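Just so you know, all these numbers are worked out from the coordinates, no wet-lab data involved. No experiment lies behind these values; they were computed from the predicted model shown. So basically every Cβ, Gly included, is an ideal-geometry build from the backbone, and we count neighbours across all protein chains shown.
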Amino acid sequence: MSLHEIHETCPSNDDPTLAEKTTKDILDQHVFIKPEVYHGKNFVQKNLNIRDLQWLTNAFLEDNGRQQYLDIGCASGDFTRDVLLSKCEPCRRIVGVDISPDMVRYAREHASHPKIVYEVLNIAGDVSSFIEKYGRFRRVYSFFTLHWARDQVRALRNIAELMTPDGECLVKFIGKTSAFDAWMELARNRRWRSCAKVLEESVPSSHYANNQRAYIEMLIEKSGLKPHTCEALRQEINLSVQGLRDMFSPLLPVGNDMGQEDKSDILDDFVSEMLAICGNQSKDGVAILEIHYLVHASKRSGQL
């Protein structure tokens with residue numbers, strides 16, 4: 001598999017908070033999840049994150065309690081404050097970042113803590129001004145975020161750039177899922193042709209890789225990271241129909257200007273597609289089959 005096969009293009013954007021302005025390009029080219037809708041519906045992701053933290057937290061080098069850590073894709077901030085902070089103590093602070101200005105505002109209002117700072121950052125963009133303001137980080141965490149990045153190689157390289165010379169990262173994201181198949185079916189539905197491009201572009205190229213382990217190993221090789229754990233893990237997520245609706249109602253990548261009635265209808269169509277793809281008739285729900293990439297890595301020797 002060549003770098004060309006796994007490389008996707010992504011516009012470079014400045015951080016609107018650091019620049020004290022709203023970056024129109026970011027707002028135009030990303031479909032943002034509304035924090036009020038997302039909050040409280042990330043229960044599946046949260047439980048999986050807790051499991052992975054319990055498994056790998058003891059693999060990190062010991063710190064002196066004066067270090068700062070970074071959480072990429074902090075979303076509404078509740079996981080950063082309620083779960084991640086306790087796993088990082090003692091520490092100087094956690095900086096939680098998200099590409100969505102609305103998410104960052106929500107996190108500041110509803111998940112504040114004296115040891116947490118929330119900031120806007122596009123992890124697949126230019127991170128130099130962010131480093132100038134905050135410095136580098138002893139640990140970088142990212143959970144269920146990088147599958148949204150159009151340039152995953154650049155995002156991972158930026159993670160390496162954000163780490164101190166002795167820094168480490170713990171990164172988890174989706175490589176393949178039945179939900180991506182359902183999104184592609186929606187994109188082929190004539191009714192949803194107005195959001196077909198967004199749906200198609202929200203499916204990462206990893207979804208089509210025949211060898212999932214080789215794919216994540218290639219990404220890490222190109223990123224400048226030295227892996228200690230690098231896995232493509234099979235995961236089955238069992239949900240009721242209502243649980244499926246709750247989980248994906250904030251995650252469906254449709255246009256920000258879509259009306260509420262259309263959003264309800266496309267969610268109905270998504271549920272129908274998922275039942276056709278992975279429905280569990282005996283339990284009146286779905287068994288979603290996914291591949292999750294889980295990486296614990298440090299910087300390679302010689303990097304700043």
- Note on the structure: If we keep only residues of region 128-153 that are surrounded by fewer than 22 Cβ atoms within 10 Å (Cβ to Cβ) and among the aliphatic types (A, V, I, L, M), then the residue farthest from G175 (Cα to Cα) is I131
- Task: Kindly indicate the residue of region 149-205 that is in contact with a helix residue (DSSP H, G or I) (Cβ under 8 Å, 6 or more places away or on another chain) and of a type in the set (V, I, T) and also nearest to L225 (Cα to Cα) among those meeting that condition.
- Result: I159
- Scanning for something surrounded by 13 or more Cβ atoms within 10 Å (Cβ to Cβ) and without any contact (Cβ under 8 Å) to a residue 60 or more places away in the chain, does region 59-73 turn up at least one residue? no
- Query: Under 6 Å by Cβ, and 6 or more places apart or on different chains, what pairs join a residue from region 146-166 that is basic (K, R) with one that is surrounded by 20 or more Cβ atoms within 10 Å (Cβ to Cβ)?
  - Reply: R154/A124; R157/S223
- Count of residues meeting criterion [under 24 Å from P227 (Cα atoms) and assigned to a strand (DSSP E or B)] in region 113-143: 7
- When V271 is run through (1) free of Cβ contacts under 8 Å to residues at least 40 places away in the same chain; (2) more than 30 Å from D102 (Cα to Cα); (3) of a type in the set (V, I, T), the failure sits at (2)
- Can you find even one residue in region 221-241 that is of a type outside the set (D, E, K, R), under 20 Å from the mean Cα position of the chain (by Cα) and closer than 21 Å to D102 by Cβ? no
- Query: Of the residues in region 179-233, how many are crowded, with 18+ Cβ neighbours inside 10 Å, out of contact with any strand residue (DSSP E or B) (no Cβ under 8 Å at 6 or more places or on another chain) and outside any helix (DSSP H, G or I)?
  - Reply: 2
